[in-house]
Structure formats: C-alpha cells, structure tokens
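These notes are about the structure you will find just below.
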Amino acid sequence: MWRSSLSKPKVIISACLLGHLCRYDGKTKKTTEIADAFKDYEIVPFCPEAPLFGTPRERISVVEIDGKNHIITDKTNKNVTKLLRDEINSFIDKNPHATKIVLKSKSPSCGIGTTPILNEKKEKISMGNGIAGDIFLNRYKNVTIIDENESL
Ligand code: SF4
C-alpha cells in the first residue's frame, strides 16, 4: 500500500553518516546500518559545518574559555561559535518536529557526551557535547537523541 511521506515518522541524522561528503576532510562516514534502520522514516540530513565553512575545511574544536564552551578553529584560532549557533537554531526552526535524532560521535558539532573538550592550551580536559548536541538537547525536549554507536 502506498504511504504518504507525511505519515512517516521523521528522523534527523548527521549527514556524514548518510554518505554526504561533508566532513572536514571531504570524506564521509557512511554507515549502512543507520540508513537501513530508518528506511521507513522520512530522513532529514543535518550538517551545520559544511554550509558555513565548505568542504574540505579547517578542523574545529570545543574549547572551554572562562567556564563556557566555544568552538574555535584549530589553526587560525577563530571563534566560530555564533556562526554555528545561528546555523543550528535556523535548522531547528525549519525542522521543529522529529521522532528521533542520530548524531555523529566525537564531533565538535554533533557529539553527545563523546566530544573532547579542550582548554585554551588545546589540551583535552574532559568529554562532553558538541555545540549542536547541546542545542538539540535543549530545544528537542521530547525527542530521543542518540549517538551513532547507541542501539538504534
Ligand atoms: S559530524 Fe556533524 S558537522 Fe561534522 S561532518 Fe558530520 S554532520 Fe557535519
């Protein structure tokens, strides 16, 4: 029986896990299990970095400054926190509803609990969330948000 895409549950997935060549190095992290697991869903790819900074691009990291996490470019030391925050909030405004969200592990944008947090000397001091992980957890209150390595 034909089903309208309107009736499908929606899942937001980090685009690099779906095969998009959007990583900082121009590569993908395609995971066929994820695409297979959500074949009956409407899949919405999410990547805040590639539209802002292009691909390939300089790496970025989460850096704790005065007790707050910022996103800083690794070599040129630019603070791109506001750019990313605006991009992520704009995505959420356009996609306010989802049943589930699956995010790429260890990313300064997408990680949830798996992202290295650095001090200003760029030394790892803890593990935490990427900027999108943080904002998603705040704004998608009733949505199941999981790391790619959790059971789907
Ligand atoms: S981890 Fe997130 S920000 Fe990084 S390439 Fe994948 S989707 Fe884009």
* Quick one: what pairs do we get from segment 93-111, first residue within 19 Å of residue 141 (Cβ to Cβ) and assigned to a loop (DSSP other than H, G, I, E, B), second within 15 Å of the ligand (Cβ to nearest atom) and among the small types (Gly, Ala, Ser), C-beta under 6 Å, 6+ apart or different chains? -> 110/14; 110/130; 110/132
* **Any strands (runs of 3 or more DSSP E) falling wholly within segment 1-78 and containing at least 2 residues that are touching a residue at least 60 places away in the same chain (Cβ under 8 Å) and under 16 Å from residue 147 (Cα atoms)** => 10-14
* To do: Return yes when residue 145 is hydrophobic (A, V, I, L, M, F, W, C), within 13 Å of the ligand (Cβ to nearest atom), under 16 Å from the mean Cα position of the chain (by Cα) and farther than 18 Å from residue 20 by Cα and no when it is not.
  => no
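Listed here are the residues, each with its yes/no results for (1) in contact with a strand residue (DSSP E or B) (Cβ under 9 Å, 6 or more places away or on another chain); (2) among the acidic types (Asp, Glu); (3) more than 16 Å from residue 44 (Cβ to Cβ); (4) modelled with pLDDT of 95 or more.
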site: 108; (1), (2), (3), (4): yes, no, yes, yes
site: 111; (1), (2), (3), (4): yes, no, yes, yes
site: 114; (1), (2), (3), (4): yes, no, yes, yes
site: 123; (1), (2), (3), (4): no, yes, yes, yes
site: 128; (1), (2), (3), (4): yes, no, yes, yes
site: 133; (1), (2), (3), (4): yes, no, yes, yes
site: 139; (1), (2), (3), (4): no, no, no, yes
site: 146; (1), (2), (3), (4): yes, no, no, yes
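The values are calculated or read from the model by the stated rules, or taken from the named source; none is laboratory data. These numbers were taken from a predicted model, which means no experiment stands behind them. Because the Cβ atoms are built from the backbone with ideal geometry, glycine has one as well, and the counts that use them run over all protein chains shown.
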